[in-house]
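Notes for the one structure printed next.
The values are calculated or read from the model by the stated rules, or taken from the named source; none is laboratory data. Remember, predicted model here, so these are calculated numbers, not experimental data. Positions of Cβ are backbone-derived with ideal geometry, glycine not excepted, and every protein chain shown enters the neighbour counts.
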Amino acid sequence: MLSVALFAQDSQLGYTDTPLIPGQNWKVHDSSRPHPAKIAARPVLSAPPADADVLFDGKDLSKWRMKSRSGETAPANWKVQDGYVEIVSPKGMRWNLITQAAYGDCQLHLEWLIPASETGKGQAGGNSGVELMSRYEIQVLESHENKTYADGQAASLYGQWPPMVNASSPKGQWNSYDIFFEAPRFDGEKLVKPGYVSVVHNGVLVHHRREILGPAAHRRNAPYKAHAAEEPLSLQDHGHPVRYRNIWIRRL
Ligand code: MG
């Protein structure tokens, strides 16, 4: 139990015993990596354009199913009310929400909110995530006041790149993400072009065609592993109540 307690405490502010991130002078979740400046910004609450695939319009989860960490799938039963969906998995049972359809290069809009009742610290402060192709994570976390390692705060490319600025809304208020994604390309098992992502958080550019270094991973660098040209989008269930609404996507 002691090691669990130490781990939980340590993980709030980062690590010193992790490997260097390839091409960077920082370790994975480096506790000494500077945090981006906090700025005030407002969410962009945009209606879907006519050619978008509306993944969630506030009413139902027919475009989604759930997937457990062990790969089981089930009908999506997250709570839908007042135009949003909230993660409701019982404690310890983590089921991501994943799209029925698969996507590669895309433009994605969604809005997310950490409930005002959230009291968790560090990575337990309303953790979720937008997992492009179910593996490249743009972090969702309470980062208006809650501190964690820079490459794990809201809008970070988890474990790889902090956002250029911290545009987070306070708890109880909506955030928007507009994400522009170029999927990695593989020739058989070989990576021939990495993925790239641009992220606009609350109207502010926080990643500009950032190179994705591989799948999101905790405390390590995960190498690319070949996968299909299109894979489902997933929203991470990290065991904390986080709300999403107005989710739409356009294939590029
Ligand atoms: Mg997360």
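Structural remarks
- Total residues in the stretch 104-118, condition in a loop (DSSP other than H, G, I, E, B) and surrounded by fewer than 23 Cβ atoms within 10 Å (Cβ to Cβ): 6
- Annotation: of all residues in the stretch 200-241 being part of a loop (DSSP other than H, G, I, E, B) and farther than 19 Å from Gly159 by Cβ, the one that is nearest to the ligand (Cβ to nearest atom) is Pro241.
- Of all residues in the stretch 124-141, exactly one satisfies the criterion of being surrounded by fewer than 22 Cβ atoms within 10 Å (Cβ to Cβ), under 16 Å from Ala216 (Cβ atoms) and of a type outside the set (S, T, N, Q), namely Arg135.
- Considering the conditions (1) within 29 Å of Ala183 (Cβ to Cβ); (2) touching a strand residue (DSSP E or B) at 6+ places or on another chain (Cβ under 7 Å), Arg69 is excluded by exactly one of them, (2).
- Failed condition for Ile98, given (1) outside any strand (DSSP E or B); (2) in contact with a strand residue (DSSP E or B) (Cβ under 8 Å, 6 or more places away or on another chain); (3) under 25 Å from Ile179 (Cα atoms): (1)
- Selected residue [over 27 Å from Gly195 (Cβ atoms), surrounded by fewer than 23 Cβ atoms within 10 Å (Cβ to Cβ) and out of contact with any helix residue (DSSP H, G or I) (no Cβ under 9 Å at 6 or more places or on another chain)] from Lys121, Lys79, Lys147: Lys79
- Test set (1) farther than 21 Å from Gln100 by Cα; (2) under 15 Å from the mean Cα position of the chain (by Cα) - Pro232 fails condition number: (1)
Conditions tested, residue by residue: (1) at pLDDT below 95; (2) in contact with a strand residue (DSSP E or B) (Cβ under 7 Å, 6 or more places away or on another chain); (3) more than 19 Å from His218 (Cβ to Cβ); (4) not in a loop (DSSP other than H, G, I, E, B).
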site: Ala5; (1), (2), (3), (4): yes, no, no, yes
site: Asp10; (1), (2), (3), (4): yes, no, no, yes
site: Thr18; (1), (2), (3), (4): no, yes, no, no
site: Pro43; (1), (2), (3), (4): no, yes, yes, no
site: Pro48; (1), (2), (3), (4): no, yes, yes, no
site: Pro90; (1), (2), (3), (4): yes, no, yes, no
